[in-house]
Amino acid sequence: MHIIFTKFAQYDSTMTTSNRVRWVFDCGNWFPSESDWSKVSRSIQLEEKERIGRFVFKRDAKRSIIGQLMIRKFLSEATHLPWSQIKTKRDLNNKPIIEGFNLNFNVSHDGNYVVLAGEENISVGIDIMKNCYKGGKSLNEFFRLMHRNFHLKEWAYINKGTDIKKTSSFYRFWCLKESYVKATGTGLTIDLKNICFVPQNELKKHSILNDTKLFINDKLMSDWSFHEYLYDDYIITVCIKGSITPVNFKLITFQDLISNAEMITEEDENYCKLFLNKEEQP
């Protein structure tokens, strides 16, 4: 089944807040000033600020801090708590959670985009991949190393057609697997080749596909749904526990993200200068 959309919708702060959100932020058009970086780095928890400060390149730091801002904005709007009262921690699988509320959220990033999916009372996982092979090895060598992570039926689906088609299929299946293990909280420690996805249709640009089936050890797992999006050169997959109508992503701006942000840590001029002196990317 395909649900058609023309493009990412624009985030609108005047609309009634829903606890079901799909947000996307374009880091490729965000070049933070020292003042911007000071504000956002003071608007997240200290342990997250320190973790982000260890990134070598600006690109990785930007994507990570935008993910943190998305999480805090979602939680503040969903709980109606002030930004300064939002406190997350990481569970045993290093997944951020908030105690006292049954809110589930997950972020992912690749290329220029950072995405967030948020739900209430429903497990959710998300993954995004730019549909472009960027490894140092040949595609054949990359596939040789990676095929052990796929069921034989999946690999038969991936390993046909042109190199462009093979690459697209590979990233599609990888997003499906990543979104599932992120939703379950198990991480990539499970045997991925026992997880078999069976697509019913090809992805189409500007549409949401929600009929791919999941089998684990050859048993159909009908209690999981997968909403697949193909937007420009990006594949986005949202994994949901249960059956629920897909929703479109909303493009959120930097001003949207910080509109209700509060600075919760002390000013750190050196932290900002270290960021500005980093290279953008490798």
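The values are calculated or read from the model by the stated rules, or taken from the named source; none is laboratory data. Here the structure is a predicted model, which is why all the values come from computation and not from measurement. Cβ placement follows ideal geometry from the backbone for every residue including glycine, while neighbour counts extend to all protein chains displayed. To get the accessible areas, we keep the full protein, side chains included, count just its heavy atoms, and leave off ligands, DNA and RNA. Shrake-Rupley method; radii C 1.70, N 1.55, O 1.52, S 1.80 Å.
Specify the residue that is modelled with the lowest pLDDT; the eligible residues are those in the range 176-200 that are touching a helix residue (DSSP H, G or I) at 6+ places or on another chain (Cβ under 7 Å) and open to solvent by less than 20 Å² (accessible area, probe 1.4 Å).
Residue satisfying both the conditions and the ranking: L192.
Which condition number in (1) surrounded by fewer than 19 Cβ atoms within 10 Å (Cβ to Cβ); (2) at pLDDT 95 or above; (3) basic (K, R) is the one that K160 fails?
(2) is the only condition that K160 fails.
Quick one: in the range 211-256, of everything that is of a type in the set (K, R) and more than 18 Å from S123 (Cα to Cα), which residue is least open to solvent (accessible area, probe 1.4 Å)? Even if it seems obvious, please write down each step before you answer.
Of all residues in the range 211-256, those of a type in the set (K, R) come to 213, 219, 241, 250.
From what's left, more than 18 Å from S123 (Cα to Cα): 219, 250.
Numbers: K219: 136, K250: 67 Å².
Of everything passing the filter in the range 211-256, K250 is least open to solvent (accessible area, probe 1.4 Å).
Six or more apart or on different chains, Cβ atoms under 9 Å: show the pairs whose first residue is in the range 112-128 and more than 15 Å from L257 (Cα to Cα) and free of Cβ contacts under 8 Å to residues at least 40 places away in the same chain and whose second is among the polar types (S, T, N, Q) and surrounded by fewer than 24 Cβ atoms within 10 Å (Cβ to Cβ).
Matching pairs, first to second residue: N121/N19; N121/N102; N121/N104.
If the requirement is being farther than 17 Å from D233 by Cα, touching a residue at least 24 places away in the same chain (Cβ under 8 Å) and more than 17 Å from the chain's Cα centre (by Cα), which of these qualifies: K160, K153?
Of K160, K153, the one residue that is farther than 17 Å from D233 by Cα, touching a residue at least 24 places away in the same chain (Cβ under 8 Å) and more than 17 Å from the chain's Cα centre (by Cα) is K153.
Name the single residue that is most open to solvent (accessible area, probe 1.4 Å) among those in the range 82-136 being of a type in the set (F, W, Y) and in a loop (DSSP other than H, G, I, E, B). Let's see the steps before the verdict.
Start the filter on the range 82-136 by keeping residues that are of a type in the set (F, W, Y), which leaves 83, 101, 105, 113, 133.
Next, only the ones that are in a loop (DSSP other than H, G, I, E, B) stay: 101, 133.
Working: F101: 87, Y133: 59 Å².
The residue in question is F101.
Mind listing just one residue for me: the one in the range 257-282 that is under 25 Å from L75 (Cα atoms) and of a type in the set (D, E, K, R) and, of those, surrounded by the fewest Cβ atoms within 10 Å (Cβ to Cβ)?
E266
Of K177, K205, K134, K182, which residue is under 21 Å from the mean Cα position of the chain (by Cα) and touching a residue at least 60 places away in the same chain (Cβ under 8 Å)?
Answer to the selection: K182.
Select from the range 201-215 the residues that are modelled with pLDDT of 95 or more and not in a loop (DSSP other than H, G, I, E, B) and list them in ascending order.
Within the range 201-215, K213, L214, F215 meet the criteria.
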